[in-house]
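One structure is given here, and the rest of the page talks about it.
The values are calculated or read from the model by the stated rules, or taken from the named source; none is laboratory data. Just so we're clear, the structure is a prediction, and the values are computed from it rather than from any experiment. For neighbour counting, all protein chains shown are included, and Cβ atoms are generated from backbone atoms with ideal geometry for every residue, glycine included. What goes into the accessible areas is simple: the full protein's heavy atoms, side chains included, and nothing from ligands, DNA or RNA. Shrake-Rupley method; radii C 1.70, N 1.55, O 1.52, S 1.80 Å.
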Amino acid sequence: MNYLPDFPRLLPYLPDLMAGLMTTVWLTALTTTLGILGAVMCVWQRHRAPTSLFSRLLGMLVELLRNTPFIVQLFFIFFGLPALGLSLSAEMAAVIAMTLNLAAYSSEILRAGVDATGRGQWEAGRALGLTRWQSYRHVVLMPALERMYPALTSQCVIVMLGSAVVSQISVADLTFAANFIQSRTFLSFESYVVTAGMYLLLAIAMRALLNRIGRRLFGFRHLTPAPRRRLSSHVLKEAHS
Amino acid sequence: MIDFTLWDILRNLLLAARWTLALSLIAFIGGSLVGLALTFLRLTRWPGAALFCRLYTELFQGTPLLMQLFLAFFGVAVFGLDVSAWTAAAVALTLFSSAFLHDIWRGCVEAVPKGQWEGARVLGLGYLKTMRHIILPQALRMAIAPTVGFSVQIIKGTALASVIGFVELTKAGTMLNNATLEPFTVFALVALLYFAMCYPLSRLARHLEARLNVTAR
Amino acid sequence: MSLLAEVSALDSASSDAAVSEKAAVTESAPVSDSALDTESAKAPLVSLSALTKSFGDLPVLKGIDLEVRPGEVVSIIGRSGSGKSTLLRCINQLEQHDGGAIHVAGKLLDGSEMDAAALAQDVGMVFQSFNLFPHKRVGENVMLAPMLVKGVARDVAEREAREMLAKVGLGEKFDAWPSQLSGGQQQRVAIARALAMHPKVLLCDEITSALDPELVGDVLKVLEQLKREGMTLILVTHEMNFARDVGDRVIFMHQGRVHESGDPATLFANPATEELRQFLGAVL
């Protein structure tokens with residue numbers, strides 16, 4: 001038990017960590033964008049034609065993705081699909097798996113937001129002469145995105161943290177770098193603590209960035225948490241009178 | 001190389017799935033106990049308790065579960081602690097689950113309307129009695145659906161224990177894949193088995209949410 | 001200081017006796033005017049002096065003096081934001097006051113070491129939003145506090161709860177869930193729940209404001225009955241007819257102060273200040 005952690009010995013490996021971090025960042029940025037787009041398209045399709053065969057298949061795929069572990073999805077795509085003649089690089093497989101995973105979860109989050117809007121408003125939009133897509137986009141989708149933005153943000157961070165698993169198919173991400181360093185130095189505690197710290201900072205930074213983007217898109221309304229206790233408006237009114 | 005029939009693969013996976021269930025159960029029970037302790041700690045209103053709980057949650061929700069498993073398995077070895085993959089997985093998953101369950105339950109306690117506190121307070125109930133008779137019963141009811149929902153995340157989380165060599169469903173899958181060289185079949189079956197465990201729970205969570213919402217007042 | 005405390009303790013003892021005596025008398029007959037006159041000579045049940053309260057930098061109560069005698073029905077009226085709800089919430093310490101003194105039944109509420117259990121036996125409260133416990137049946141809502149706070153045995157508590165529910169006209173709802181009741185019924189359960197603690201004074205914070213108009217009458221009828229039985233009531237209300245017909249005194253609050261007060265007939269007929277005139281013009 002008299003082991004003293006030796007963090008300075010990690011210093012020579014800083015470039016490896018940074019390279020790994022960059023991989024994790026670009027993977028996350030790419031798959032967040034693709035995943036949300038996929039979710040929007042999935043929700044649109046299931047909204048447009050809820051009973052069509054394609055929509056039902058999409059619904060089944062979403063349930064399948066939500067009820068199986070990400071690592072198994074990754075292995076299936078990376079090891080299983082080549083058996084069907086579809087060979088993928090590790091990075092490709094990682095991008096596909098992460099995108100599908102995020103899209104599946106986000107589409108359910110969005111659908112909950114869409115349900116809250118109600119059919120009447122969409123029809124009101126149609127009645128004003130908007131096309132189906134226009135009506136959907138302005139009357140249904142944007143309010144749903146706005147309402148569900150905090151939940152979507154959390155989901156994106158969860159997918160980023162889950163991406164640590166892609167190291168298992170040799171994508172050189174941050175976790176891969178940590179494994180590499182600990183196999184060289186045997187400083188397992190130090191390398192994993194430092195890496196975990198980097199993930200934590202990344203998660204915090206990502207949340208801050210997404211909140212910023214959200215404020216750009218929707219204004220302050222829903223994104224600043226309501227203060228716990230707040231003077232009721234009538235008290236304030238009186239102060240000015 | 002031995003020839004594996006489909007039944008051989010499935011049989012081996014089913015045997016390994018027992019360990020997935022066992023690990024999930026331990027993580028759920030352990031996570032509940034620790035999560036409950038955290039929730040009560042927070043409710044004591046001791047100075048620092050809220051901060052501690054927040055940091056704890058932030059730490060386990062802000063780092064990858066895989067990293068937590070590595071730390072629990074490889075990280076502690078340098079201190080001379082020789083932990084088995086089984087122990088490391090159980091500990092890491094317990095801590096991971098406790099952070100999420102605590103967060104869910106804290107949210108439920110806070111979601112009980114302020115009027116309930118005031119209603120109890122003007123009747124003369126103190127903090128503990130209000131908690132026990134008024135707040136917790138209502139929070140408990142709200143907590144059921146999201147707790148069941150989170151159990152799905154725990155089952156899926158146990159798949160990561162395969163990475164530190166714990167032989168559960170996913171690890172059995174990779175081993176069978178190496179033996180059979182039939183990745184498509186093997187991982188499809190693995191996925192189906194997880195689905196068979198998780199989907200009923202997901203459905204149950206959704207059903208409970210709808211049902212408890214309807215009668216919620 | 002200690003002498004003062006003793007005096008007020010004596011006062012409280014005598015006022016307690018007065019209340020129970022009066023309750024015994026009024027079982028059979030309504031209180032006559034002359035009885036009320038002798039009552040007003042008694043020590044106040046609730047007394048506020050120079051009460052102040054701020055939320056942050058915002059003064060909400062700017063020095064309130066008020067005395068309420070046993071058996072009195074006092075209506076507090078005023079615009080929203082005038083501080084009337086805050087005043088009520090200070091009396092049972094849901095809000096802690098910043099300055100001044102509150103005496104209830106002779107006991108000084110100083111904010112420190114406040115004993116909720118003891119205070120609840122002097123002061124009951126009914127809220128605008130009912131605040132019934134949704135996970136407990138109606139009867140359990142009423143029985144809960146006597147059992148937990150006073151240690152009353154279950155069978156005694158149940159008998160009394162049935163009595164209280166019968167009194168508010170809901171004797172048959174003992175086993176119902178709050179969610180099965182209308183707003184007016186829920187509010188009457190809330191009144192029964194407060195009465196089960198046998199408070200000396202009942203505070204009512206806009207208790208009819210959340211009700212559909214046709215349900216208001218039932219709740220007000222219960223209040224009238226309570227007045228006949230000698231209960232002391234302090235109500236924040238928008239029901240001007242009730243304040244005029246049933247109340248003994250009306251307090252008009254404006255900008256955190258008692259702007260005008262007096263007996264309802266005079267006050268409503270001849271408001272002395274422009275503010276009250278405007279207020280009455282807006283609500284009547």
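Points worth noting:
- Taken residue by residue and averaged, Cβ atoms of other chains lying within 10 Å of the Cβ of A:161-172 number 3.
- Tilt relative to chain B, helix B:49-61 - C-alpha long axis, 0 to 90 degrees, to 10: 20 degrees
- Subset of B:LYS114/C:LYS227; C:LYS62/C:LYS84; B:LYS114/C:LYS84; B:LYS114/C:LYS167; C:LYS167/C:LYS200 violating a 22 Å alpha-carbon distance limit: B:LYS114/C:LYS227; B:LYS114/C:LYS167
- Derived scalar couplings ³J(HN,Hα) [segment A:83-88; Karplus, 6.51 cos²θ - 1.76 cosθ + 1.60; whole Hz; x for Gly, Pro]: 4, 8, x, 10, 8, 10
- Mean-position separation - Cα centroids, segment C:188-265 and segment B:131-167, in angstrom: 48 Å
- Computed on segment A:12-221, the Cα convex hull volume stands at 134 Å³ per residue.
- Here is the P(r) of chain B: all C-alpha pair distances, binned every 10 Å from 0, give 8, 27, 29, 20, 11, 4, 1, 0 in whole percents.
- Pairwise label distance in nanometres, B:LEU181 with A:LEU130, each label 7 Å out on the Cα-Cβ vector: 5.7 nm
- When the helices of chain B are scored as -39500 (n - 2.57) per DSSP H run of n ≥ 4 and the total is divided over every residue, the value at 222 nm lands at -26000 deg cm²/dmol.
- Value at 222 nm in deg cm²/dmol, rounded to 500, when DSSP H runs of n ≥ 4 in chain A each add -39,500 (n - 2.57): -23500 deg cm²/dmol
- Computed from Cα atoms, the angle from the helix B:183-215 axis to the main principal axis of chain B rounds to 20 degrees.
- By DSSP, the beta bridges lying fully in the protein assembly as shown are antiparallel in about 55 percent of cases.
- Helical segments meeting 24 Å axial Cα length and Kyte-Doolittle 0.5 threshold in chain A (DSSP H): A:14-48, A:90-117, A:142-162, A:188-218
- Here the Kirkwood formula, the inverse mean of 1/r across different C-alpha pairs, assigns the protein assembly as shown a hydrodynamic radius of 30.4 Å.
- In a reduced charge model with +1 at each Lys and Arg Cβ and -1 at each Asp and Glu Cβ, segment A:12-221 shows a dipole moment near 920 debye about its Cα centre.
- Treating each Cα of segment C:115-184 as one equal point scatterer and applying the Debye formula with no solvent, the log10 of I(q)/I(0) at q = 0.24 Å⁻¹ comes out as -1.24.
- Backbone HN-Hα couplings from phi across segment C:67-75 [Karplus 6.51/-1.76/1.60, Hz, Gly and Pro as x]: 10, 10, 8, x, x, 7, 10, 10, 9
- Ordered from longest to shortest, the equivalent ellipsoid semi-axes for segment B:164-217 are 37, 11, 5 Å, each the square root of 5 times a Cα gyration tensor eigenvalue.
- Sites A:LEU11 and A:MET41, calculated FRET efficiency, Cβ-Cβ separation with R0 56 Å, nearest 0.05: 0.75
- 12 Å reach of a label modelled at A:LEU209, 7 Å along Cα-to-Cβ, counting backbone N of segment A:154-169: A:157, A:160
- Estimated dipole of segment B:1-105 in Debye, rounded to 20 [Cβ of Lys and Arg +1, of Asp and Glu -1, Cα centre]: 380 debye
- For the protein assembly as shown, a simple Cβ point-charge model (Lys and Arg +1, Asp and Glu -1, everything else neutral) yields a dipole of about 2080 debye relative to the Cα centre.
- For B:ILE26, solvent-accessible area (1.4 Å; no DNA, RNA or ligand), Å²: 70 Å²
- Per the Kirkwood formula applied to alpha carbons, segment C:92-131 shows a radius of gyration over Rh ratio, Rg over Rh, of 0.98.
- Each part gets one Cα centre, and for segment C:147-180 versus segment A:1-80 those centres are 57 Å apart.
- Debye-formula intensities of segment B:37-161, expressed as log10 I(q)/I(0) at q = 0.09, 0.16, 0.18, 0.22 Å⁻¹, are -0.34, -0.85, -0.99, -1.24 (one equal scatterer per alpha-carbon, no solvent).
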